[in-house]
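Student: Dropping the structure in here first, questions after.
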Amino acid sequence: MAYDLIVIGTGPGGYVCAIRAAQLGLKVAVVEKRATHGGTCLNVGCIPSKALLHVSELFEEAGHKFAGMGIEVGAPKLDLAKAMAFKDEGVAGNTKGVEFLLKKNKIDAFHGVGKILGSGKVEVTPEGGAPQTLETKSVVIATGSDVAKLKGLEIDEETIVSSTGALALSRVPGKLLVVGAGVIGLELGSVWRRLGAEVTVVEFLDRILPGMDTDVAKQFQRLLEKQGVAFKLGAKVTGAEKAGDGLKVTVEPAKGGEAETLDADVVLVAIGRVPYTAGLGLEEAGVALDERGRVKTDGHFKTSLDGVYAIGDVIAGPMLAHKAEDEGVAIAEILAGKSGHVNYDVIPSVVYTYPEVASVGKTEDELKAAKTEYKAGKFPFTANGRAKANGTTEGFVKVLADAKTDKVLGVHIVGPRAGDLIAEAAIAMEFGASSEDIARTCHAHPTLAEAVKEAALAVEGRAIHM
Ligand code: FAD
Ligand code: NAI
């Protein structure tokens, strides 16, 4: 059977690529080694983590905020098994949705490990079954990423867990030690803190959320500390030993010095993710990797082997579901003879904690390093009517614009629903807007989005409510 396109991996990169290619008239098949589609994101990433964040936020509100708003419900009780079932339902709804979309678009789905035998040939080996070879004009590698391991900490997904185990704990740990103050550490650390764990985050660097605007990260750290999350910055975990039911974790200063031992019931290793290329037969087939083990591309998704392309977490760039999706659409369009394109300067990034952190474009740190002259407008949620009415006034919006042209270069938000608010900034930037364009756009009142408008006004020092 000959295809126009075979996509290996049905995460957000792969399944979106397959659907777009089918829409454009290509004959498409996907190969997925998991039993369900949707990849890391739908099965053990974005979706289950957001379900647990939602549950834990409501639990926190019911316990600590409802009474202040005049809602008397008594102390809430956690049924963790039910919370996990709620999460699993959300996952199943999403993975079944992808299965439906693949069928609707007449995409053949093969379950098994995909291996590239050379240009135009993909071998599929189902679990416990015989391999089968499929022929195709093009192949897209969309095999995603896997958890980065830490020497001295053997992940068993029960006491020493990756994000996957942290999304399925059967008990709320008394003490959770998180290694890494990145996105996973802070999102899942917040979940378990709100559900009752004592959480300590150990981070190698002297700041949290590397890559995010420093101003935002500092404010966010203060807010998390107020919520009871403890931080040990400039420190590294070098080992963990079982002691009774718990663990004794060795932590050393990053710059060297005396080690200390911390007790923990569960350790979450969240020090990043690595590209997943195992089993693909890339070396034999002649598909080159870069210095960090990612599939090397020419900047337009083409690998070193003719007819083989790659997208998503397995190539360079931020490991984000929407980046993978946009790359999936772009390569499908290129293969169908159109001019697919991804604007890497405008990829929003969101941390779905409470409050949320969201960012698009350049940070102040990056603008300073590049010696770009810029103006900054900042507006706090304490001065936003809706935030005041809701009692959710933590955080601020910051708009960065070119000092000469006023073009928006970056927007950074820490605050309620920052992840939704950032979409406005991304659209503005995609259209090459100036801060004045945002400032002169009529925003509905009372909305949190007015804080974005006010921050844009603040670029020229003319915010109204501050
Ligand atoms: P993946 O989603 O990893 O999918 C790759 C698929 O390929 C997998 O299903 C795998 O089984 C399959 N595969 C691998 N090798 C083979 C093979 N040889 N043959 C057949 N199949 C194969 N990103 C966000 O944007 N927002 C979030 O809120 C967010 N939350 C996250 C939370 C957690 C806990 C984690 C771990 C990640 C989160 N991410 C989030 C990141 C996001 O999940 C990834 O960026 C995204 O899934 C990458 O998509 P992908 O299609 O490149 O790869
Ligand atoms: P990350 O790269 O965001 O953070 C890892 C952190 O661990 C960094 O701060 C790093 O300095 C620190 N670190 C590394 N080695 C260490 C060590 N030995 N000791 C202590 N700290 C150490 O990685 P994370 O959180 O694992 O997430 C992986 C990927 O998944 C990210 O690239 C992210 O983009 C994606 N993701 C996205 C989400 C979102 O968009 N909301 C949610 C969750 C994950």
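The values are calculated or read from the model by the stated rules, or taken from the named source; none is laboratory data. Small disclaimer: the values here were computed from a predicted structure and weren't measured. Here the Cβ positions follow ideal geometry from the backbone for every residue, glycine too, while neighbour counts run over all protein chains shown. Areas reflect the complete protein model, heavy atoms only, side chains present, ligands, DNA and RNA absent. Shrake-Rupley method; radii C 1.70, N 1.55, O 1.52, S 1.80 Å.
Student: Quick one: which residues, 5+ away or cross-chain, put their amide H under 5 Å from the amide H of L289? H built at 1.01 Å from N.
Tutor: K296
Student: Would you work out what percent of the accessible area of the chain, with all protein chains in place, is carbon or sulfur (probe 1.4 Å)?
Tutor: Heavy-atom surface of the chain belonging to carbon and sulfur, 1.4 Å probe: 52 percent.
Student: Same structure, new question: Go through the stretch 78-95 residue by residue and turn each phi into a ³J(HN,Hα) via Karplus (6.51, -1.76, 1.60, θ = phi - 60°); whole Hz please, and just put x for glycine and proline.
Tutor: For the stretch 78-95, the Karplus-derived couplings read 8, 10, 4, 4, 5, 4, 5, 5, 4, 4, 5, 5, x, 5, 4, x, 6, 5 Hz, x marking Gly and Pro.
Student: Now, a different point. Rounded, prolate or oblate, given the Cα gyration tensor of the stretch 160-271, with a/c below 1.5 counting as rounded?
Tutor: Verdict is oblate for the stretch 160-271.
Student: Count charges around G90 for me, please; just the other residues with Cβ under 14 Å from its Cβ, Lys/Arg as +1, Asp/Glu as -1.
Tutor: Every neighbour counted, the sum reads +2.
Student: Need the C-alpha centroid separation for the stretch 243-314 versus the stretch 1-51, integer Å.
Tutor: Measuring centre to centre over Cα atoms gives 22 Å.
Student: Rounded, prolate or oblate: which fits the chain when a ≥ b ≥ c are the square roots of the eigenvalues of the alpha-carbon gyration tensor, with rounded for a/c under 1.5 and prolate only if a/b beats b/c?
Tutor: oblate
Student: Let me ask you something else. Would any residue of the stretch 1-24 have its amide N under 18 Å from a label point 7 Å out along Cα→Cβ of E135? List them or say none.
Tutor: In the stretch 1-24, the label zone of E135 (backbone N under 18 Å from the point 7 Å along Cα→Cβ) covers 1-7.
Student: Next up: Expressed in whole Å with the largest first, what are the equivalent ellipsoid semi-axes of the stretch 1-65 derived from the C-alpha gyration tensor as the square root of 5 times each eigenvalue?
Tutor: Square roots of five times the eigenvalues give 37, 12, 6 Å.
Student: Given a Förster distance of 45 angstrom, what is the FRET efficiency for E123 paired with A62, based on the Cβ-Cβ distance and rounded to 0.05?
Tutor: 0.30
Student: So how far apart, in nm, are the two label points at E241 and R292 if each is 7 Å from Cα heading toward Cβ?
Tutor: A separation of 3.5 nm, rounded to one decimal place.
Student: In whole Å, how far is the Cα centre of the stretch 123-150 from that of the stretch 55-109?
Tutor: 31 Å
Student: For the chain, what is the mean residue ellipticity at 222 nm derived from helices alone (per DSSP H run of n ≥ 4: -39500 (n - 2.57); sum divided by total residues; nearest 500 deg cm²/dmol)?
Tutor: For the chain, the value works out to -9500 deg cm²/dmol.
Student: Provide the per-residue ³J(HN,Hα) series for the stretch 381-390, in order, calculated from phi with Karplus coefficients 6.51, -1.76, 1.60 and θ = phi - 60°, each as a whole number of Hz, with x at glycine and proline positions.
Tutor: Along the stretch 381-390, the couplings run 5, 4, 9, 9, x, 5, 4, 5, 4, 7 Hz.
Student: Find how many whole Å separate the alpha carbon centroid of the stretch 412-444 from the alpha carbon centroid of the stretch 159-199.
Tutor: Centre-to-centre distance over Cα atoms comes out at 32 Å.
Student: Right, here's the next one. Using modelled amide H (1.01 Å from N, peptide plane; none on Pro or chain starts), what sits under 5 Å from the amide H of K175, excluding residues fewer than 5 places away?
Tutor: E198, D265, V266
Student: Arranged from highest to lowest average of other beta-carbon atoms within 10 Å per residue, in what order do the peptides 60-71, 423-434 appear?
Tutor: Highest mean packing first, the order is 423-434, 60-71.
Student: Averaged per residue, what accessible surface does the chain expose to a 1.4 Å probe, in Å²?
Tutor: I get 46 Å² per residue for the chain.
Student: Simple spin-label model, 7 Å along Cα-to-Cβ: K104 to E158 in nm?
Tutor: The two pseudo-label positions are separated by 4.2 nm.
Student: Gain in length, A81 to K248, computed as 0.36 nm per residue apart minus the alpha-carbon separation, to one decimal in nm?
Tutor: 57.4 nm
Student: Each label point is 7 Å from the Cα along the Cα-to-Cβ direction; what then is the distance between the points at A168 and E366, in nm?
Tutor: Between A168 and E366, the label points sit 3.6 nm apart.
Student: Name the long-range amide H neighbours of Y374: under 5 Å, sequence gap of 5 or more, or other chain; modelled H, no Pro or chain starts.
Tutor: Under 5 Å from the amide H of Y374: A403.
Student: Could you go through the stretch 50-60 in sequence order and give the Karplus-derived ³J(HN,Hα) for each residue, using 6.51 cos²θ - 1.76 cosθ + 1.60 with θ = phi - 60°, rounded to whole Hz, and x for Gly and Pro?
Tutor: Result, rounded to whole Hz: 5, 4, 6, 4, 4, 4, 5, 5, 5, 4, 4.
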